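The values are calculated or read from the model by the stated rules, or taken from the named source; none is laboratory data. Treat the numbers as computed from the prediction; the structure is a model and nothing was measured. Backbone-built Cβ (ideal geometry, glycine too); neighbour counts: all protein chains shown. All accessible areas refer to the heavy atoms of the entire protein, side chains included, with ligands and DNA or RNA removed. Shrake-Rupley method; radii C 1.70, N 1.55, O 1.52, S 1.80 Å.
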Amino acid sequence: MADAHAERVKGIFSQIARKYDVFNALSSFGIYRSWLRRVAQAAACTGDDRVLDVAGGTGDVAFALCDACPPASIELTDFTPEMLDVAGERIASGAGRGVACALNVVDAHQLPYADGSFTVVTCAYGLRNFSQRRRAMAEAARVLAPGGRYVVLEFGTPPNALWRALYRFYLAHMIPFVGGLVTGDRSGFEYLRDSIQAFPPQEVVAGELREAGFSQVAYENLTGGIVAVYTAVR
Ligand SMILES: C[S@@+](CC[C@H](N)C(=O)[O-])C[C@H]1O[C@@H](n2cnc3c(N)ncnc32)[C@H](O)[C@@H]1O
């Protein structure tokens with residue numbers, strides 16, 4: 001049976017691919033760059049690491065790793081080819097700093113890799129878009145070698161009530177507005193807003209990671225919990 005949710009998500013990202021980076025920068029007031037640096041710190045790659053970036057989009061996480069802690073190789077994957085096209089153009093313009101980056105169209109729910117193929121798996125803003133989040137987590141666990149790290153960046157629930165209220169107001173009104181302004185496609189950003197609002201709080205996600213077979217699960221709230229970086233060990 002066709003996965004209607006997945007088709008919708010793919011349709012949205014194929015439409016907004018060329019404007020995605022501008023939207024990210026504007027909607028986060030540029031703060032997303034510091035969040036990416038924190039992801040790279042958490043991944044702490046060395047020249048021996050083989051990285052899989054799931055739902056890698058236009059390559060932000062992969063390129064942040066290449067800048068901060070270059071691994072041996074990165075498999076940069078996404079199920080929307082148009083997002084990977086932008087990543088490819090960024091590589092052609094010098095992003096990736098010569099690290100071996102392979103771009104492949106891959107569904108997070110069904111990773112076409114053997115068990116234990118990678119030492120690091122990253123996933124930024126992917127989990128909340130997946131039809132089956134737990135299955136995607138289990139797939140990440142499967143393709144990680146024992147001791148491998150799973151690093152996830154995702155929107156969170158700010159613990160402070162006032163900050164949470166301000167953030168929710170911003171989400172409800174500004175995300176579709178800025179998205180519509182940048183891309184002309186307001187409805188795609190209404191989906192993005194709704195997916196952020198529907199995503200469970202950090203403790204719940206951490207519990208799901210444990211159930212997926214990860215140990216040493218931890219998370220760090222950034223910008224007061226607007227996003228969280230999760231780390232987990234296979
Ligand atoms: C918000 S973007 C994040 C892209 C990138 N990780 C970043 O940090 O900018 C979400 C990405 O998830 C991808 N995606 C959604 N569902 C997916 C799935 N089932 N398998 C692979 N990629 C998926 C979309 O195509 C999109 O590129």
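Numbers below:
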item	result
Evaluation of Ala17 against (1) under 21 Å from Leu171 (Cα atoms); (2) out of contact with any helix residue (DSSP H, G or I) (no Cβ under 7 Å at 6 or more places or on another chain); (3) touching a residue at least 12 places away in the same chain (Cβ under 8 Å) (one fails), failing number	(2)
The range 126-138 residues that are within 21 Å of Leu76 (Cβ to Cβ), paired with ones that are open to solvent by 30 Å² or more (accessible area, probe 1.4 Å) and more than 8 Å from the ligand (Cβ to nearest atom) (beta carbon under 6 Å, 6 or more apart)	Leu127/Arg133
Selected residue (only one of Gly126, Gly57 is near the ligand (Cβ under 9 Å from one of its atoms), in contact with an Asp or Glu (Cβ under 6 Å, 6 or more places away or on another chain) and closer than 28 Å to Arg193 by Cα)	Gly57
Residue within the range 98-106 that is open to solvent by less than 20 Å² (accessible area, probe 1.4 Å) and either away from the ligand (no atom under 15 Å from the Cβ) or out of contact with any strand residue (DSSP E or B) (no Cβ under 6 Å at 6 or more places or on another chain) (or both) present	no
Within the range 1-49, tally of residues that are open to solvent by 50 Å² or more (accessible area, probe 1.4 Å), away from the ligand (no atom under 13 Å from the Cβ) and of a type in the set (Asp, Glu)	1
